[in-house]
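J.: I'd like to ask you about the structure that follows.
No value in this document is a laboratory result; all are computed from the given coordinates. Since this is a predicted model, take the numbers as computed values, not measurements. Positions of Cβ are generated from backbone atoms using ideal geometry, with glycine treated the same way; all protein chains shown enter the neighbour counts.
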Amino acid sequence: MYELRSVTKRYTRGKDTVDALAGVDLTIADGDRLVIQGPTGGGKSTLLQMLGGLDKPTEGEVVLDGTDLAKLSEARLTRVRSENIGFVFQSFNLIPTLTAQENVETALVPLGVKTKERRERAAEALASVGLGERLRHLPSELSGGQQQRVAIARALVKEPKVLLADEPTGNLDESMRDEIMDVLERMWKELGLTFIMVTHDSAIAKKAPRLATIRKGRITVKENAAS
Ligand SMILES: Nc1ncnc2c1ncn2[C@@H]1O[C@H](COP(=O)(O)OP(=O)(O)OP(=O)(O)O)[C@@H](O)[C@H]1O
Ligand SMILES: [Mg+2]
């Protein structure tokens, strides 16, 4: 479970300061699915970075299962991240010289998983996103939707508690968008993940059980009874 208390992230450049987050309080239960929307520059990606321990707040607490990520050393934070948190971004961020299987395996290296088990688990993860026949393909030999599936497999192969997705369908055309959303939804249900996703897609936002809107660094959360 996440508990954010008075989280502020202030960027300073010369005399200019921007509060990308301005006092965010937020609780996210285990297994929850939270969709985040809001105007560009509102602070969505910044919030995801705080949740993922990719960056630390200027003020406030980001508590994940009783541990305040803001207080951890870089080394411990890296460990929490590689064990517990999967990321999927708009740009797939695959390594171009590695095959699909090798890209997925990279998530298991910091966990000390041995080569043989790494290969097997990567192959299983790719099969679970429908890419069992594409293990040896390079990213350049895959469609956008397929590349994003590889990225999803890479995020999930370590069996994280949390999946964070920042506009995961932003670079895809409409048909692939639905495909990727279906994969993410299925993974969320099957794996019991806590799933937090930023999207500009109003159709997805409309269907979300819990919808957060971030504007100028401030958050409002709405429960959607109809979903
Ligand atoms: N590294 C940085 N240095 C300075 N300012 C930053 C930095 N990162 C973000 N900001 C500023 O913080 C604010 C929030 O940015 P953020 O990327 O979180 O917005 P966003 O809601 O994700 O927008 P988008 O929909 O365009 O992705 C913006 O005003 C942005 O310019
Ligand atoms: Mg963003």
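J.: Rounded to the nearest 5, what is the percent of antiparallel bridges among the DSSP beta bridges in the stretch 81-227?
T.: 40
J.: Rounding to the nearest 10 and keeping the result within 0 to 90°, find how far the Cα-based axis of helix 74-84 lies from the longest principal axis of the chain.
T.: Between helix and principal axis, roughly 60 degrees.
J.: For the chain, take the longest principal axis of its alpha carbons; what is the angle in degrees between that and the long axis of helix 115-128, to the nearest 10 within 0 to 90?
T.: Computed tilt is about 80 degrees.
J.: Calculate the dipole size of the chain relative to its Cα centre from +1 charges on Lys and Arg beta carbons and -1 charges on Asp and Glu beta carbons; express the result in debye to the nearest 20.
T.: 460
J.: Counting only C-alpha contacts under 8 Å and six or more residues apart, can you give the relative contact order of the chain as a whole percent?
T.: 28
J.: Would you mind ranking Asp166, Asp178 so that the residue whose beta carbon has the fewest other beta carbons within 10 Å leads the list?
T.: The fewest-first ordering by Cβ neighbours comes to Asp178, Asp166.
J.: Going Cα to Cα from Lys15, which lysines come in below 20 Å? Please leave out same-chain ones fewer than 8 positions away.
T.: Straight-distance partners of Lys15: Lys216.
J.: Here is a further query. Taking the alpha-carbon centroid of each part, what is the distance from the stretch 165-227 to the stretch 79-129 in angstrom?
T.: Cα centroid to Cα centroid, the span is 23 Å.
J.: If you don't mind, there's one more thing I want to ask. What is the sum of charges around Phe87, taking Lys and Arg as +1, Asp and Glu as -1, for the other residues whose C-beta is under 10 Å from the C-beta of Phe87?
T.: So the environment of Phe87 carries a net charge of +1.
J.: Among Ile95, Ile204, Ile214, which comes first, second and so on when ranked by fewest other beta-carbon atoms within 10 Å?
T.: Ile95, Ile204, Ile214
J.: Against the longest alpha carbon principal axis of the chain, how many degrees, from 0 to 90 and to the nearest 10, is the axis of helix 174-191 turned?
T.: Helix 174-191 and the main axis of the chain meet at about 90 degrees.
J.: Also, I was wondering about something else. In the structure displayed, which of Lys158/Lys222; Lys56/Lys161; Lys9/Lys71 lie more than 25 Å apart, Cα to Cα?
T.: Violating the 25 Å limit, Cα to Cα: Lys158/Lys222.
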